[in-house]
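This report refers to the structure that appears directly beneath it.
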Amino acid sequence: MKRSWGSLKTVAGFFGALALPAVGIALTQFGVNTPAIAADTIVVRLGLFTETISLAELQKAAKTGELPGSLQRLSEQQRRFFLGALGMNIPMNVVTVNRLVNTQIGTTILNDFATALARKDKAGVQALRAGLVLGSTAPQGLSILSFIAAYPSKRLEIDLPKAFIVAGSLNTAFWRTQQFMLTIAPQLDSKTPQIAFPFDPSQPGIAQVKILNLSLNDQKRDRQIPVDVYWSTAATPDKPLIVFSHGFTSVRTDLHYLAEHLASHGYVVAALEHPGSNQTNTNSALQGKTSVMKPQEFLDRPQDINFVLDELEKLNQTANHPLQGKLATNNAMVIGHSFGGGTALAIAGAELQLEHLKQRCKKNLTSLSLGENMQCIAQKLPENTYQLRDTRIKQAIALNPTTSLIFGETGLTKVQVPTLVLASSADKTTPALTEQIAGFDKIPSPKWLVGIVGGTHLSVKDPTTTFDQIGKPNTPISGGEVVGEQAADVRKYVKAIALAFAFQMTPEAKNYAIFLTSDYAQFASTTAFPFHLITQIPPDAMAVVKEFVEK
């Protein structure tokens, strides 16, 4: 894949130039009154210098390319950034703007950019909402100029250097992703569906959960694999065994809350740790004792799952063992997050295809996301294709998976089991458009795509594993994570759909199928996190993806 970066950088530049990266509805019908006044004077601060500019002067600059007054002090790069932004219209209608600004991530970004605006009444966030919404109703659509014309104050004061700094934290794919998420969810234009859901699948089951800690030694590959087995006396082999695969530099407790939830409903969950790409390995690499990750890890991870299934089958047949007769190792489901999501897809049949990856990764890696850079480690593998499927895996859930490079053009077409893919709209590590959405289109049905508007890469993780995100700097490729209590709505929905998906492998499948629908996604949605679910990407939504991803 090749990205068309230019237009997306201009989109980000649009918001950076005047500190406007979030949107909101200022129409009376959405609860914000139309302003009686609008900005016609813009005061730009550049350190100790200030420059007062009229809206007319900015309109002229947009046409001529000449900036007035002390704005000539901007660097050449900043000048291009500013002028390019002046002439850019954003492809977001008023409804899209309203939905985005009310998400958790939208509110966070609004607050960040409000710090670059000076208002004596300290109503910067509300003023942003009003100006952006009314600006989006202009005939030409939302632009810097339409925003200024709609801003609810005669005077708009901007700390330009601060606006540039805040804008630098934006992921360039963010805006197209929001547009995609709302394109796949036209049902949100109507009222909440009047459907009576029989029960709440996010609530815990009645079984008392126990955890069995294992340390399994794969002598052939010299890998010591820790495994936490979540189980209860209610577990039976009629339900699939569920295997968890964690992300790069992470730990097996990443989805602890989800493992407990599934186990409380009678499932056995085996959360394993991949020793070549876990947190311990990363810490060792930081001390110079080992490499961050070896290329072989892309092959070892699925083999770790193979090995764990083999060992659990032995325990299943061991007399007097607490797990005896409870493990459906030949009827398993895999759940993986991030790199673990890619692992889940690989063991479900997706073929590693490295020829394109090897060509792509020879180029400038600074243009790649963290997820893409991680995938580039695989370029040193000797072969160009690898098939790692384990036929014991009968279903797969991939949460924020890495797919853009590692599976090539057709690797995902070889997935052979029902698959659910989750994508978060504000994910910087594995951006949704390139890592999940474009790849989802290639996966054979039956399949489900879950979109979480306002979710970030780590929103699905257990709060105990995201403490390190507090106060972490917000950069274009990391930080700004919505985690912990802020992401409680996300984890609640993940519990519901994961349980419903697992039940599709049982005689109770029909009772839970209703929770794998767009109606339930809409029902479960919150103001902070609208959820969307589709089984096929409609043409108009796919067109949004193709504007960003060139095949």
Which Cα, out of VAL415, THR466, ILE452, lies furthest along the positive dipole direction of the range 411-482 (beta carbon charges, K/R +1, D/E -1)? VAL415
Taking all pairs of distinct alpha-carbon atoms in the range 468-544, Kirkwood radius in angstrom: 14.9
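Could you please rank GLU51, GLU409, GLU435, GLU481, placing first whichever residue has the fewest other Cβ atoms within 10 Å of its Cβ?
GLU409, GLU51, GLU481, GLU435
Give me SER525, SER215, SER424 ranked fewest to most by other Cβ atoms within 10 Å of their Cβ, as a rough exposure proxy. Don't skip to the answer; put the middle values down first.
On the way: SER525 19, SER215 9, SER424 31.
With the sparsest Cβ surroundings first, the list reads SER215, SER525, SER424.
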On a C-alpha basis, how far is the centre of the range 350-409 from the centre of the range 440-495 in Å? Whole number, if you could? 21
Checked against a 25 Å limit on the C-alpha separation, the offending pairs among LYS210/LYS495; LYS289/LYS314; LYS380/LYS472; LYS239/LYS442; LYS447/LYS546; LYS362/LYS428 are LYS289/LYS314; LYS380/LYS472; LYS239/LYS442
I need LYS414, LYS461 ordered by Cβ neighbour count within 10 Å, fewest first. LYS414, LYS461
Roughly how many nanometres apart are two label points built 7 Å out from the Cα toward the Cβ at ASN217 and ASN373? 3.7
Provide the percentage of antiparallel DSSP beta bridges, counting only those with both residues in the range 210-550; round to the nearest 5. 40
For the range 210-550, I need the span (max minus min coordinate) of the C-alpha atoms along each principal axis, in Å, sorted largest to smallest. 57, 49, 41
Given the options ASN400, LEU388, GLY336, identify the residue whose Cα lies farthest towards the positive end of the charge dipole of the range 210-550 (+1 on Cβ of Lys, Arg; -1 on Cβ of Asp, Glu). LEU388
Over what distance in Å are the Cα centres of the range 206-252 and the range 513-536 separated? 29
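All of the numbers you see were taken from the coordinates with simple rules; none came from a lab. Just so it is clear, the structure is predicted and the values come from calculations on it, not from any experiment. When we count neighbours, we look across all protein chains shown, and the Cβ atoms used for this are built from the backbone with ideal geometry, even at glycine.
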